[in-house]
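For reference, the structure discussed in these notes is given below.
The values are calculated or read from the model by the stated rules, or taken from the named source; none is laboratory data. Only a predicted model underlies this, so the values are computations on that prediction, with no experimental measurement involved. Here the Cβ is made from the backbone with ideal geometry for all residues, glycine too, and neighbour counts use every protein chain on show. Keep in mind that these areas ignore ligands, DNA and RNA; they rest on the heavy atoms of the full protein, side chains included. Shrake-Rupley method; radii C 1.70, N 1.55, O 1.52, S 1.80 Å.
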Amino acid sequence: MREKKDGESGGPMFGGACKATRPKSPWRYNPGMAEALFSEMKAFVGFSEADAAALKSVKSQITPVLSDIVVGFYDQLLKNQGTRNVLLEGPGRLARLRVFLLEWLEQLFCGCYDFAYYETRARIGRTHVRVDLPQHYMFTAMSYIRLSLVRVIRGFGLENEMQVLGALHKLLDIELAIMNDTYREDYVDRIQAAERVQFEQRISESEHLATIGQLAASLAHEIKNPLAGISGAIQVLGAEMEDGHAHKEIIAEALRQIDRLDAAVRDLLLYARPQQPALQREDLGQILAHALILLRQEPAFRGLRVRCEGITMPHWVHVDGAQVKQVIVNLMINAAHACEEGGEIECRIESVSDSVRLVVEDTGCGIRPDVLTRVFEPFFTTKARGTGLGLAICRRIVEVHNGRIEIQSVPGRGTRVIVELPRAA
Ligand code: HEM
């Protein structure tokens, strides 16, 4: 049995050829399933004991000429730049490969194609996967081996030539199937690994966000009441001042800043402690109209044109009116912040199959694609102002209503937000 040298991949392969060791990758490898698969492969091509015996019958005759096939095989591969690079990578690789392939070829005629045989072949397949050998090389290379062996066997003038050649083709197809399976296995591994990473990332992100949320909530809770107190006190101060008093403007600015803080605190609490929706049958058009009334005084809308369509007839939805109004207010304020003076915001309500769709479209600056992928991420914002919670809150409210929200945007052209809510019965 040939011992493995340092840096040499692969395990013991021959000498007592059928006693190869079982590869150690429990999460990837299921011996029971593999054994069933191998039996099915053999059954599928009709590889029989007679075929095994036929191959064994030529072992002594063919072994001496296999090294010529090995030389021809690698000479062929060296002609192709892609395979040449692989073969000449690292000292001694080609020499090692010649030994590997010779043993592999000898094994084809061992006559014993049991599960240990399968495991050795599968391990070889995994070696090719591990060295990142493109799959197509694997399959095309097999044709060289097949044609060479057929030519040699034909040269023997065997009585059972047809049986031997038939058995050889079947076995080489099984070899290809095993190789294909190791590539599929690897492909599945890579997807699963990528999914696992994504999943773990999502878990750690949501844990991270949950921690931030709790922190934010307790902070907001602490701030909320003192802020209300400060606002009240300043208003009293302001009310005592005569009109035109020099500090009147300062008071007004202080109250504006307190309002901003209050809005941020409200967002934090809304995000960290979402309220269970109190569902009612509501006309979405009415909710939109109420939201627009609320926004009338909002400075961000100065100089903008707001148009509404589809609110002349009722569109019944089963929602928490206050929460949906919050969504509309957040979307409208975002749209206004994106627009320059003279910009336009259009709101539309339409019925689509079993949903009611609200569309908020603006002619603002639009959103870059890399930013668009993150807009629903809590605390993510590209603006100097704001908590970055607006859209995260919108999505959460829409999802808690079994709705969906989508944002389409073209930088420099504008943004369209589509919210779909289930229609009320
Ligand atoms: C049907 C075709 C092929 C067969 C039967 C075959 C057979 C083998 C065998 C038996 C091994 C040793 C695996 C182990 O012990 O783990 C091996 C390894 C390897 N083969 Fe192939 N091979 C084939 C095609 C190719 C092709 C087309 C290339 C690319 C040029 C290639 C490149 C390699 C490399 C890079 C290794 C790892 C060598 C090392 O660094 O240790 N093989 N192959």
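Structure notes:
- Residue match in segment 64-80 (condition: over 29 Å from Gly111 (Cβ atoms) and among the hydroxyl-bearing types (Ser, Thr, Tyr)): no
- Qualifying residue in segment 335-351 (condition: at pLDDT below 95, farther than 15 Å from Gly303 by Cβ, assigned by TED's automatic domain parsing to the domain that holds Arg416 and under 31 Å from the mean Cα position of the chain (by Cα)): no
- Of the residues screened, Val265 is one that is within 30 Å of Ala322 (Cβ to Cβ) and either surrounded by 12 or more Cβ atoms within 10 Å (Cβ to Cβ) or in contact (Cβ under 8 Å) with a residue 24 or more places away in the chain (or both).
- Residues in segment 122-167 that are part of a loop (DSSP other than H, G, I, E, B) and within 48 Å of the chain's Cα centre (by Cα): Val131, Asp132, Leu133, Pro134.
- Any hit, segment 161-176, residues being free of Cβ contacts under 8 Å to residues at least 60 places away in the same chain, over 29 Å from Glu35 (Cβ atoms) and open to solvent by 30 Å² or more (accessible area, probe 1.4 Å): yes
- Evaluating Ile251 against the criteria (1) touching a residue at least 12 places away in the same chain (Cβ under 8 Å); (2) outside any loop (DSSP other than H, G, I, E, B); (3) surrounded by fewer than 16 Cβ atoms within 10 Å (Cβ to Cβ) leaves one unmet condition, (3).
- If you check Pro64, Pro91 for being assigned to a helix (DSSP H, G or I) and either surrounded by fewer than 18 Cβ atoms within 10 Å (Cβ to Cβ) or of a type outside the set (A, V, I, L, M) (or both), only one passes: Pro64.
- Test result for Leu149, among the aliphatic types (A, V, I, L, M) and touching a Leu at 6+ places or on another chain (Cβ under 7 Å): yes
- Within segment 100-117, residues that are more than 16 Å from Phe38 (Cβ to Cβ) and in the same structural domain as Leu165 (by TED's automatic domain parsing) sit with their Cβ atoms under 6 Å from residues that are within 14 Å of the ligand (Cβ to nearest atom) and in a helix (DSSP H, G or I), at 6+ positions apart or across chains, in these pairs: Leu101/Val70; Leu102/Leu66; Leu102/Val70; Leu105/Leu66.
- Some residue of segment 323-346 being part of a strand (DSSP E or B) and in contact (Cβ under 8 Å) with a residue 60 or more places away in the chain: no
- Any hit, segment 182-195, residues being hydrophobic (A, V, I, L, M, F, W, C), touching a His at 6+ places or on another chain (Cβ under 9 Å) and in a helix (DSSP H, G or I): no
- Matching residues, segment 57-111, being more than 10 Å from the ligand (Cβ to nearest atom) and at positive phi: Gly111
- Criterion applied to Val164, Val152 was being more than 10 Å from the ligand (Cβ to nearest atom), closer than 28 Å to Leu87 by Cα and at pLDDT 90 or above, and the one residue passing it is Val152.
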